Amino acid sequence: MARNSRSSWQKSFSFINVGSAALAVAFGLSSLIMTGLLDPVVAFLTQHKYYPLGATLAFFALAFASSNTRDFRYYHQFEKGYVAVVTALMVAYSALPVVQDGVHAFGIYGRIGFFTAMMVVGAIVSR
């Protein structure tokens, strides 16, 4: 019976349209920016640095759960390594000031590079 529940759970996540979900999130964020409601949220999240990490890892897991390739056999060794390294970097960025300083040492380009690395991980696990 547990196998049927898991199968049903996996089936329900397989129907998530990642593109539509991403557009809905982008619409919500742009609406928050437009109305000025994002400022208190950003201030709260910068004071509590582990909430964004938890949310990022939760969305990361949901993207993996809703993908068509939930088995690690379908990933190349490079993809597995890349996902592991960037995930470790995400955790280190939240916990270690030296990693934050390293990313911020490159100014906006360091943050853009780190964001791009995270988006590539999202693309890998959600394919």
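The values are calculated or read from the model by the stated rules, or taken from the named source; none is laboratory data. Since the model is a prediction, treat every value here as computed from it, not as a measurement. Don't worry about glycine lacking a Cβ; one is built from the backbone with ideal geometry, like all the others, and counts go over all protein chains shown.
Between a first residue in segment 37-52 that is under 15 Å from GLN100 (Cα atoms) and a second residue that is aliphatic (A, V, I, L, M) and assigned to a helix (DSSP H, G or I), which pairs have beta carbons less than 7 Å apart while being 6 or more apart in sequence or on different chains?
Qualifying pairs under 7 Å: PRO52/LEU45.
Kindly evaluate VAL18 against the criterion of being surrounded by 10 or more Cβ atoms within 10 Å (Cβ to Cβ) and either modelled with pLDDT of 80 or more or not aliphatic (A, V, I, L, M) (or both).
no
If the Cβ limit is 7 Å and pairs must be 6+ apart or interchain, which residue in segment 78-96 that is of a type in the set (D, E, K, R) pairs with which residue that is surrounded by 12 or more Cβ atoms within 10 Å (Cβ to Cβ)?
From residues that are of a type in the set (D, E, K, R), the pairs are GLU79/ILE124.
Pick from ALA26, ALA63: which is within 17 Å of VAL121 (Cβ to Cβ), surrounded by 10 or more Cβ atoms within 10 Å (Cβ to Cβ), of a type in the set (A, V, I, L, M, F, W, C) and modelled with pLDDT under 85?
So the residue among ALA26, ALA63 that is within 17 Å of VAL121 (Cβ to Cβ), surrounded by 10 or more Cβ atoms within 10 Å (Cβ to Cβ), of a type in the set (A, V, I, L, M, F, W, C) and modelled with pLDDT under 85 is ALA63.
Only one of (1) touching a residue at least 12 places away in the same chain (Cβ under 8 Å); (2) surrounded by 12 or more Cβ atoms within 10 Å (Cβ to Cβ) fails for ASN68. Which number is that?
The failed condition is (2).
Look at TYR82 and say whether it is over 20 Å from THR116 (Cα atoms) and surrounded by 11 or more Cβ atoms within 10 Å (Cβ to Cβ).
no
If a residue must be of a type in the set (Ser, Thr, Tyr), exposed (fewer than 14 other Cβ atoms within 10 Å of the Cβ) and under 17 Å from ALA55 (Cα atoms), how many such residues does segment 85-127 contain?
So the answer is 0.
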